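No lab work stands behind these numbers, since they all come straight from the coordinates. Computed from a prediction, not measured in an experiment: that's the story for all the values here. A quick note on method: Cβ atoms are made from the backbone with ideal geometry, for glycine too, and the neighbour counts reach across all protein chains shown.
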Amino acid sequence: MKPKIYSYWRSSAAFRVRIALNLKGVDHEVVPVHLVNKGGEQLAEAYSKKNPNHLVPLWEDGENTIHQSLAIIEYLDEIQAEPPLLPKTPIDRAWVRSVAMDIAIDIHPISNLRVLRYLIKQVGANNEAKDIWYQHWIKIGLSSIEKQLSTDPRVGRFAFGDQPGLIDICLVPQLFNALSSKMDMSPYPTLMRIFQECMKLPAFIDASWEKQVDAEGPNPSN
């Protein structure tokens, strides 16, 4: 039986894992979990039993499950060495993890779907206020990443050297979100250059929004 990844087409975290699975060439099944329909399928009893935090992605292989995208990605990197998603040396691995966490831990959670929905439904923010909130935090985060990647000598064709890895896996979904919100991306030339390099690769293309079985909208990079 193939391992499964429970995913939602617009989920940045699930997007990361889809990229990693494609880069590794791991055969798997995608199980869509719609985060909006029916009040959110992630809240249904069947999924709650699998993942009590009611989020995607969730990796399921037989009786074993892993949640949290970075944990799943590092697990995949440990069980299948090629191609590596992290550098060889401890200091380079730590640097790559730190930048990836800047994206996955500092930028993404503040502006994810459940936070934005809470702003509208519970706080009473209108769409304009929600967009101001969203872009404020994204701009702060992306500006920091741009400064780091525009000056570090470890950056090559991709965020670390000339092969895609963990930073790229986290960066591309976040830039999909920024592009879809019609943000001005001109302040981030390094990030957009890396994004364009990533989006030449089948692993990233096939993981993107419009390629998913549950897709409902266009790819913002087109």
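The stretch between residue 163 and residue 181 holds 3.6 nm of extra length on full extension. This uses 0.36 nm per residue minus the Cα-Cα distance. Under 5 Å between amide hydrogens, built in the peptide plane, is the criterion, and for residue 33 it picks out 7, 8 among residues at least 5 positions away or on other chains.
Straight-line cross-link reach from residue 130 at under 19 Å between alpha-carbon atoms covers these aspartates and glutamates, not counting any fewer than eight positions away in the same chain: 106, 184. By DSSP, the beta bridges lying fully in the chain are antiparallel in about 60 percent of cases. With the simple model of a label 7 Å out from the Cα in the direction of the Cβ, residue 143 to residue 65 spans 4.0 nm. In order along segment 112-121, the phi-based Karplus estimate (6.51 cos²θ - 1.76 cosθ + 1.60, θ = phi - 60°) of 3J(HN,Hα) comes to 7, 4, 5, 5, 5, 5, 5, 4, 6, 7 Hz; Gly and Pro are listed as x.
Estimated from the Cβ-Cβ distance and a Förster radius of 45 angstrom, the FRET efficiency linking residue 89 and residue 118 is about 0.65. Charge dipole of the chain (Cα centre as origin; +1 on each Lys and Arg Cβ, -1 on each Asp and Glu Cβ, all else neutral): 400 debye, rounded to the nearest 20. The loop-placed GluC sites (Glu not before Pro) in segment 169-216, going by DSSP, that have at most 15 neighbouring Cβ atoms within 10 Å of their Cβ come out as 216. On full extension, the segment bounded by residue 214 and residue 46 gains 58.6 nm, given 0.36 nm per residue less the C-alpha separation. Computed 3J(HN,Hα) for segment 67-82, one whole-Hz value per residue from the Karplus formula 6.51 cos²θ - 1.76 cosθ + 1.60 where θ = phi - 60°, is 10, 6, 4, 5, 5, 5, 5, 5, 4, 4, 5, 7, 8, 9, 5, 10, glycine and proline marked x.
Scalar couplings 3J(HN,Hα) for segment 11-24, obtained by applying the Karplus form with A = 6.51, B = -1.76, C = 1.60 to θ = phi - 60°, are 6, 5, 5, 5, 4, 4, 5, 4, 4, 4, 4, 5, 4, 7 Hz; x denotes Gly and Pro. Each peptide in 169-182, 89-102 gets a packing score, the mean of other Cβ atoms within 10 Å over its residues, and the list from highest to lowest is 169-182, 89-102.
Quick check on my link table: of 2/50; 38/121; 50/88; 24/211, which ones sit more than 22 Å apart, alpha carbon to alpha carbon? Pairs exceeding the cut-off: 50/88.
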